[in-house]
Structures are given as structure tokens and as C-alpha cells.
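What follows is a single structure, written as C-alpha cells, with notes after it.
The values are calculated or read from the model by the stated rules, or taken from the named source; none is laboratory data. Here the structure is a predicted model, which is why all the values come from computation and not from measurement. In this analysis, Cβ positions are derived from the backbone assuming ideal geometry, glycine residues included, and neighbour counts consider all displayed protein chains.
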Amino acid sequence: MSSGPVIGVDAGGTKLLAGVVDEDLTVGHSVRRLWSGGDRAEVLDTMVEAVSEARAGSGARAVGFGIPALLDFDAGVSISSVHLPLADLAFRDLMTERLGVPVYVDNDANLAALAEQRVGAARGASNVVLLTLGTGIGSGIVLDGHLFRGASGAGAEIGHMTIDHHGPPCQGNCPGRGCLEVMASGTAIAREGTDAGRRHPESALGRLVAQRGVVTGEEVAELALTGDDAACSVMAAAGRSLGAGLASVVNIFEPEVIVIGGGAAAAGDLLLDPAREVVAQRALRPSRDTVRIVPAALGEEAGMVGAGLFALADGRI
Ligand SMILES: [Zn+2]
């Protein structure tokens, strides 16, 4: 393995974080950019410009990218992306040429899972599943200390596990119905929160919906934490759907730890306790008794730290 710091980049659906990641995994100078809904050229230019700024004077020898895309991992090609215009793009080769240093690319949630397993909420565990509840549901699976990516790199999409096969159509380019993502993502919580606010105009949630028309998943989580009954009910329903999905995850992988992150996870136990209850009721012994379902520890730095870890290992992880 080479030595020296690297740049870790988390290019999420709404923002980009790029930072210097040292060999001891401390994050040095970092920069942040918000996407303004630009086309592919603008998104790539923003990535190059942000990495160049983070890298200036750091001596960074490689760049790791986590991007919200399904990948051909060995080829470094982005096959499809719901949240950024990166479909059918030879991302690694293009970025290697533009940045002039070795570039490694993986799915953003895979790298967040790696970070939580190595230095975050699941530190010390070898079998870990991470779900981030955001616009969609990102997920990563670490088995025996290694990322599980599937045959080509497009696997580990737990957000698209069917929870209700007669359920509503999934979002983006997923042809499924009743996927976990439709039931428990930040988008789903926002949708249900907006409905609940209209049904309960006297609640704090109802007043916010009346004022603004819609609410976000984070706002529903925040109101739940203040004790608003309508918001608590929405979080509990999402938690039960999440638990139904996690019961299958527990049965299939027998993880030691399941880490839940993303903005809507700020509701903490108001979301996780209903999920834990459903897992306890529906998953098999002994896995249901040993699994720990915990909130993420690294916050928004998880993807950046994971991308740094990945680049530090020269993409072999
Ligand atoms: Zn789906």
C-alpha cells in the first residue's frame, strides 16, 4: 500500500463533501458544494473544482469517490443514477484523466457502511448492514469485514426490497412496487407527514403543513422529538415498515449491527424502537436476539471518511 493522505469525496444527491483524509482517518481541510440541478458537465466540473480546492497543498496521492449510482465496479463505470446525471459514464477513467492522480469509485452508501463499520457505530463488528433514509434509501453490506457488492457492483440495494408487493410504485427508475424505499425513506416520511398534517390540523405538524403546504422527513423527525403526536405516529409507522424490511435483512445476513442513518433517522428511538419491535416479533432466533439496531455515528462525514478509507487502500477493500 502507498503512503500519504488522500481525498475522500461524498457526492450525494443534493450536496458534495470533499476532504483530505489522513492515514489515521482524521479529516483535514474539507469543502462543500450544493448542486444546483445542473447537467452532467456542470456536475463533473463542480466535482473537479471541489476536489482541486480540497487537495491544494495537501500532497494527496489519490481520490476516492462515493457516488449515488449503480456501478460496474471493476470497470469504474456508472451505469445508472437516480439522483445525479451520471448514467453510462466511465467515471473513474474520466476523473483520473481530469485530476491526474489515481481515482477509485464506489457507491456512496457502500462507503458510508464501510466507514461506520471501521470507525463508527458498528466499530468492532465484522457483519454490518447500513441503511441511510434520505431521498431514497441507500444501503451497504459489510460481510466478514469486506464490502459485499454483488456480481458487478450493483448489488446491496436493500431499499428496493419488496415490503408490499401490491404496494405503490417505487420512485426513480425502479420498476418495483412497495419497495422499502417507498415506505420508510425520507421522501416517504415527508409524504406521510404531509398527509397526517392535513388530517390533524390542530397538531404542530398540521400547523406546519398549513403554513408551507409540505414538510420534509427531517421536519417530521424534529417535530416528533418535540412530542407532537401526529409526527410521532408517522415516525412509528415508518419504523414498523423499516422493521419489516430489517427482519428479512436479519434472517438473510445475521448481521451483528444494523446502522440507520440519514436525516429522518434524527428521530432516534421514535423510529428505531418500532423497527426493533417488529424485528423481535418477525425475525428468526437466534439472529433477532443478537442483532443491534443503532443510529449512525459519523453523521454527514460517513461517506467522505469511507471514500478516504477506500482510496487509502488503493481501491482494494
Ligand atoms: Zn424500488
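For (1) within 12 Å of the ligand (Cβ to nearest atom); (2) among the basic types (Lys, Arg); (3) more than 24 Å from Val279 (Cα to Cα), each residue gets a yes or a no:
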| position | (1), (2), (3) |
| --- | --- |
| Asp108 | no, no, yes |
| Leu133 | no, no, no |
| Gly136 | yes, no, no |
| Leu143 | no, no, no |
| Arg149 | no, yes, yes |
| His160 | yes, no, no |
| Ile163 | yes, no, no |
| Arg198 | no, yes, yes |
| Val209 | no, no, yes |
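Being surrounded by fewer than 21 Cβ atoms within 10 Å (Cβ to Cβ), within 12 Å of the ligand (Cβ to nearest atom), on the phi < 0 side of the Ramachandran plot and not aromatic (Phe, Trp, Tyr): is that true of Gln171 here?
yes
Might you let me know whether the range 212-232 holds any residue that is away from the ligand (no atom under 16 Å from the Cβ), free of Cβ contacts under 8 Å to residues at least 60 places away in the same chain and at positive phi?
Yes, the range 212-232 contains at least one residue that is away from the ligand (no atom under 16 Å from the Cβ), free of Cβ contacts under 8 Å to residues at least 60 places away in the same chain and at positive phi.
Report yes if some residue within the range 218-239 is among the hydroxyl-bearing types (Ser, Thr, Tyr), in a helix (DSSP H, G or I) and farther than 30 Å from Gly155 by Cβ; otherwise report no.
Yes: one or more hits.
Each row is one residue, and each column tells you yes or no for (1) assigned by TED's automatic domain parsing to the domain that holds Asp24; (2) at pLDDT below 95; (3) buried (at least 17 other Cβ atoms within 10 Å of the Cβ).
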position: Val234; (1), (2), (3): no, no, yes
position: Ala244; (1), (2), (3): no, no, yes
position: Val249; (1), (2), (3): no, no, yes
position: Val257; (1), (2), (3): no, no, yes
position: Ala264; (1), (2), (3): no, yes, yes
position: Asp289; (1), (2), (3): no, no, no
position: Ala307; (1), (2), (3): yes, no, yes
position: Ile317; (1), (2), (3): no, yes, yes
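Output the residue which, of all residues in the range 177-196 that are outside any helix (DSSP H, G or I) and crowded, with 19+ Cβ neighbours inside 10 Å, is nearest to the ligand (Cβ to nearest atom).
Cys179
Out of the residues in the range 31-68 meeting the condition of being in contact with a Gly (Cβ under 9 Å, 6 or more places away or on another chain) and assigned to a loop (DSSP other than H, G, I, E, B), tell me which one is surrounded by the fewest Cβ atoms within 10 Å (Cβ to Cβ).
Only one residue tops the list, namely Gly59.
Residues to consider are Leu111, Leu84, Leu71; find the one that is within 18 Å of Ala296 (Cα to Cα), crowded, with 19+ Cβ neighbours inside 10 Å and under 16 Å from the mean Cα position of the chain (by Cα).
Every option except Leu111 fails the conditions.
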